[in-house]
Every structure is written in C-alpha cells, then in structure tokens.
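Participant: For reference, the structure I am asking about is given below.
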Amino acid sequence: MGYLDSLFSVAGKTALVTGGATGIGRMVATGLVQGGAIVLIASRKGEACEAVAAELNALDAPGSAVGFAGDVGTQEGIEALVAEVKQRTGVLNILINNAGVTWGEPLDTFPGSINIYMDPSINIILIYIIHYTYHF
C-alpha cells in the first residue's frame with residue numbers, strides 16, 4: 001500500500017452513517033463499503049437500513065454493512081443509538097451525520113434566520129456530535 005493509499009484508506013475502519021438508507025447517505029455508505037470499511041447504517045426506517053446493508057454486502061466489495069433503526073431526532077434517540085453502536089463495536093473511526101430534516105418549500109418562505117441556540121434541528125445535530133464524540 002502506497003503512502004497516499006495508507007493516508008486516505010478507510011479499509012478496516014468502522015463508520016456510522018446516519019440517514020444512510022437513501023440519497024447522499026446511501027452513496028456515502030456504498031463508497032465506504034467499497035473502500036473496505038465496516039459500515040453501520042442507521043435511520044428511523046430500520047427495515048430500509050437492513051435492506052440497503054444486504055444490497056451492499058452483495059456487491060462483493062472488501063467492506064461490509066449492517067443496518068438498523070436509529071433516531072437522532074431526540075436526546076433519548078441519540079442515547080439509544082449510542083448504546084446500539086457500542087453493542088456492535090468497540091471503536092468508531094468515522095461518523096457521517098447525514099440524518100436531518102428539510103424545509104420542503106421555496107427558500108424565501110423559510111421562517112426567519114436560523115439561530116443555532118434556538119433551532120431544534122441544529123441543536124440536535126450539535127448535541128449528537130458532542131454526545132457521540134464523548135462516548136467514543
């Protein structure tokens with residue numbers, strides 16, 4: 001393995017991709033599995049995560065995937081996800097916090113500016129990162 005390969009390799013690393021059953025999260029999970037990582041895929045739709053993990057494991061790629069339900073929308077959900085990940089692995093090298101919410105309407109209809117101290121979706125993301133980093 002060359003210097004750049006070892007510097008940027010994800011082979012053998014363990015990753016958690018939240019919101020990994022669809023869209024960008026699924027693409028990230030696919031890339032990590034193809035790069036040789038062990039990928040934990042979590043979202044509120046646990047069955048969809050399990051199905052995606054099965055599809056990724058059928059790729060004959062050097063990595064592997066496992067899917068399960070995990071909701072980062074509340075503090076209790078974050079704590080449950082941390083516990084679930086800790087049951088599955090002793091180390092987490094990569095965290096892709098892809099789960100989120102969207103506005104779903106034209107941007108100019110968004111109600112005011114985002115205040116990181118008051119906006120619940122941003123607070124959940126920040127709390128999730130801090131909480132998760134603390135445990136690993």
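Just so it is clear, none of the values below were taken in a lab; they were calculated from the coordinates. The model shown is predicted, which means the values in this text are computed figures rather than measured ones. Reconstructed Cβ throughout: ideal geometry from the backbone, glycine too, with neighbour counts over all protein chains shown.
Participant: Tell me, what is the percent relative contact order of the stretch 1-66, built from C-alpha pairs under 8 Å that lie six or more residues apart?
Facilitator: 33
Participant: Another one. So what J values fall out for the stretch 50-58 if you push phi through Karplus, 6.51 cos²θ - 1.76 cosθ + 1.60 with θ = phi - 60°, rounded to Hz, Gly and Pro as x?
Facilitator: 4, 5, 5, 4, 4, 5, 5, 5, 7
Participant: Counting other beta carbons within 10 Å of each residue's own, what order do 39, 91, 72 fall into, fewest first?
Facilitator: By the 10 Å Cβ count, ascending, the order reads 91, 72, 39.
Participant: Just flag the GluC sites (Glu not before Pro) in the stretch 1-102 sitting in loop per DSSP whose Cβ has no more than 14 other Cβ atoms within 10 Å. Write down the numbers at each step before the final one.
Facilitator: Numbers: sites: 47, 50, 55, 76, 79, 84; in loops: none.
Those that pass, being in a loop and sparsely packed, number zero.
Participant: What length, rounded to one decimal in nm, is gained on full extension from residue 27 through to residue 44, with 0.36 nm per residue of separation minus their alpha-carbon distance? Walk me through the intermediate numbers first.
Facilitator: On the way: separation 17, 0.36 × 17 = 6.12 nm, distance 1.76 nm.
Gain on extension, residue 27 to residue 44, equals 4.4 nm.
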